[in-house]
Each structure stands twice: as C-alpha cells, then as structure tokens.
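Everything below concerns the one structure shown next.
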Amino acid sequence: MPIVTSKEMLKKAYDGGYAVGAFNVNNMEIIQGITKAAAETNAPLILQVSAGARNYAKHVYLMKLVEAAVIDTGLSVCLHLDHGETFEICKACVDGGFTSVMIDGSKHSFKENIALTRQVVEYAHDHGVTVEGELGRLAGVEDEISVSSKDSSYTDPDQVEEFVGSTNVDSLAIAIGTSHGAYKFKPGQKPELRFDILEEVGKRLPGFPVVLHGASSVVREHVQVINSYGGKMPDAIGIPESMLRRAASMAVCKINIDSDLRLAMTASIRKYLAEHPSEFDPRKYLGVGRDAIEAMVKHKIVNVLGCDGKA
Ligand code: G3H
Ligand code: 13P
Ligand code: ZN
C-alpha cells in the first residue's frame with residue numbers, strides 16, 4: 001500500500017459523515033502505536049509532522065519510519081506537513097515525499113494569506129500533493145507558535161468562498177473555538193464551539209472538506225496519573241467528545257489530535273517508571289508508551305471519528 005494524498009480520504013469522509021484522524025508523529029513508537037491502531041480498526045489515516053517534529057527527528061527519519069509503517073501494516077497513509085508557515089517548508093516537504101501539506105497563513109492579512117496559499121497550491125498540485133489552508137486563528141501553544149486568546153479569531157464565513165476559489169486549496173482549517181495544547185478552557189468554564197460558523201461554512205462550501213485543529217479532549221485520567229506520579233499539570237479541559245462527533249457528522253472531515261497522545265504516552269511512562277524504579281531499559285517504558293498511544297488512537301477512531309472500517 002502506498003503513501004497517498006488526502007483527496008480521496010477526505011471525499012469519502014465527507015460523503016460518509018465521519019472524520020479521518022490526523023495524528024502528530026515525532027518518533028518510531030508514536031508512529032507504530034498509531035499505525036497499529038489504524039490497521040486493527042481498518043481506518044483511513046493521516047500522519048502529520050510539524051516543523052518542530054522535523055527539527056527534532058529530521059525529515060528523512062520520519063519519512064522512512066512512515067514508509068516502514070506502510071510496509072509493515074499494509075495501510076494507505078497520508079503523510080502531511082502540519083502548520084507549514086512558509087513556502088520553503090512546504091516545498092521541502094513536497095520535494096521530500098510528503099503527500100499533503102498545510103500552509104498556515106492565518107497570521108497574515110486575508111490578501112497575503114491568499115497569495116501565500118496560492119503559491120503553495122500551484123507548486124504542490126504540480127507535484128500531485130494536496131494542500132490544506134487556514135482561515136481564522138486558533139489560540140494556544142505549539143512548539144514554534146504561541147497565539148494568545150486575544151490574538152485568536154473565529155473564521156468569517158463571508159470569506160471562505162473567496163479564499164477557496166482564489167487559492168484552489170483542497171481543504172480548509174477553520175477556527176470555531178478549539179485551541180492547541182492541553183489548556184483549552186479554564187476550570188469551571190463551559191466548553192463551547194461555534195457550530196453556527198461551521199454550519200454556515202458548510203453551506204457556503206458544499207462538498208468541501210473542513211479541518212478541525214486543536215481537537216484533543218484532554219483526558220482527565222491522564223492528567224491525574226501524571227500528577228499522582230509527581231507531575232504538576234494544572235487542571236485542564238479539552239473539547240468534549242460529543243462535540244467532535246457532531247463536527248464529524250457535519251463538514252469536518254479531518255480532526256487533528258496531538259495533545260491527547262502526548263498525555264497518554266507521558267502518563268503511562270510516568271506510571272511505569274514509578275512502579276519499576278530500577279528499570280532502565282528504554283524499550284520497557286517506551287513500549288508501554290507505544291501501547292498507550294495505540295489504545296488512545298483506537299478509542300478516537302471508534303468512539304470519536306467514526307472512521308473504523310472505512311479504510
Ligand atoms: O498543532 C500543533 C501540534 O500539536 C504540533 O505541536 O509544534 O509542538 O510539534 P509541535
Ligand atoms: P491538540 O493540541 O488539541 O491535540 O491539536 C493538535 C493540532 O491541531 C495539530 O495541528
Ligand atoms: Zn493545529
């Protein structure tokens with residue numbers, strides 16, 4: 001099975017009323033945990049690599065690990081650049097074998113975002129690679145970007161037709177109240193998403209796949225495990241799974257999840273090391289972390305995304 005673009009996957013997801021999971025990858029154990037879960041549930045899969053992940057692991061290692069996972073599991077996988085900020089990083093990923101890239105021009109003006117996105121689309125499409133753009137700005141923290149809530153902004157549905165028409169992007173990430181990282185809503189705050197904006201975008205772009213970033217649910221037990229073994233994470237609230245299921249039944253066809261995998265892996269490794277204080281074989285604790293990723297991804301595929309059996 002090959003590494004494929006997101007085109008067919010997202011079209012099928014739109015028609016089928018479910019979403020494909022796009023999981024961030026940084027090393028072998030994460031890639032193995034995710035791909036095993038997708039293979040066992042027969043789910044379509046997008047593996048995505050941030051600029052930070054490329055800096056950490058190097059492009060060629062991630063590329064070869066994903067190729068190995070495809071050979072090992074027989075899955076079709078889309079390999080996607082997450083939050084490409086410049087034409088140059090998108091070009092490097094297209095040239096380096098990725099099948100999909102995101103150009104995140106959301107910090108620019110509408111006009112500049114269109115110009116940059118169009119430049120990436122022209123290059124990527126010439127090379128058979130799909131492109132995700134972004135309109136509106138999510139709050140939250142990623143490795144290389146931090147956006148305070150005052151600088152975040154919801155997507156304006158009045159802009160989406162012009163953006164998609166002028167850039168020819170294949171999918172569009174929108175901001176409806178999700179945010180990156182483990183602290184999406186303050187303790188006591190009621191999580192709310194702007195489904196009215198999603199509905200309006202869906203009407204303006206019939207048949208067109210929408211992407212939801214910042215979609216981790218921040219599983220409370222994982223935070224509690226981390227804290228019970230010496231961690232100091234503040235109480236965290238993520239996106240309720242019921243809201244993600246609702247978004248997946250609408251125009252949202254790709255749901256990005258990273259923080260939930262980080263929490264699952266870290267919680268399991270902290271627990272393992274606390275319970276096995278003399279263990280120093282990295283295979284033992286990384287293996288436990290890999291199993292935790294697999295369990296988390298299976299849960300997402302079956303109970304949140306609804307894409308099991310859709311590969
Ligand atoms: O949205 C961003 C992802 O969670 C990647 O995070 O930039 O820390 O690798 P990162
Ligand atoms: P989370 O931080 O909610 O997992 O979001 C990840 C993401 O949007 C990657 O692009
Ligand atoms: Zn994101």
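Values in this text are rule-based calculations from the coordinates and carry no lab data. Please read these numbers as outputs of a predicted model, since none were measured by experiment. Cβ placement follows ideal geometry from the backbone for every residue including glycine, while neighbour counts extend to all protein chains displayed.
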With an 8 Å cut-off on Cα pairs and a minimum separation of 6 or more residues, tell me the relative contact order of the chain in percent. 23 percent
Theoretical gain in end-to-end length, GLU161 to PHE195 [0.36 nm per residue, Cα-Cα removed]: 10.4 nm
Using alpha carbon centers only, the range 106-130 is separated from the range 67-101 by a whole-angstrom value of 17 Å
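Over the chain, what number does the Rg to Rh ratio reach, with both radii from the alpha-carbon atoms and Rh per Kirkwood?
Using Cα coordinates only, the ratio equals 0.95.
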When LEU116, LEU45 are arranged by how many other beta-carbons sit within 10 Å of their Cβ, fewest first, they go LEU116, LEU45
Could you tally the net charge around GLY17, taking each other residue with its Cβ under 13 Å from the Cβ of GLY17, Lys/Arg +1 and Asp/Glu -1? +4
With the contact rule set at Cα under 8 Å and sequence spacing of 6 or more, what percent relative contact order holds for the range 1-116? 28 percent
Holding the Cα-Cα limit at 26 Å, pick out from LYS11/LYS190; LYS111/LYS190; LYS11/LYS203; LYS186/LYS310; LYS271/LYS310; LYS184/LYS232 the pairs that are longer than that. LYS11/LYS190; LYS111/LYS190; LYS186/LYS310; LYS271/LYS310
Calculated from DSSP helices alone, with each H run of at least 4 adding -39500 (n - 2.57) and the total divided by the residues of the chain, [θ]222 nm to the nearest 500 comes to -14500 deg cm²/dmol
How many percent of DSSP beta bridges within the chain run antiparallel, rounded to 5? 10 percent
So how do ILE226, ILE31 line up by other beta-carbon neighbours within 10 Å, fewest first? ILE226, ILE31
Arranged by the count of other C-beta atoms within 10 angstrom, fewest first, what order do LYS232, LYS184, LYS254, LYS298 take? LYS232, LYS298, LYS184, LYS254
Local charge sum around SER166 (other residues, Cβ-Cβ under 13 Å, Lys/Arg +1, Asp/Glu -1)? -2
How would the range 74-141 be classified by its alpha-carbon gyration tensor: rounded, prolate or oblate, with rounded meaning a/c under 1.5 and the a/b versus b/c comparison settling the rest? oblate
Just how far, in whole angstrom, is the range 33-50 from the range 193-219 if you go by their alpha carbon centroids? 22 Å
Plugging the Cβ-Cβ distance of ASP15 and PHE280 into 1/(1 + (r/R0)^6) at R0 = 45 Å yields, to the nearest 0.05, a FRET efficiency of 0.35
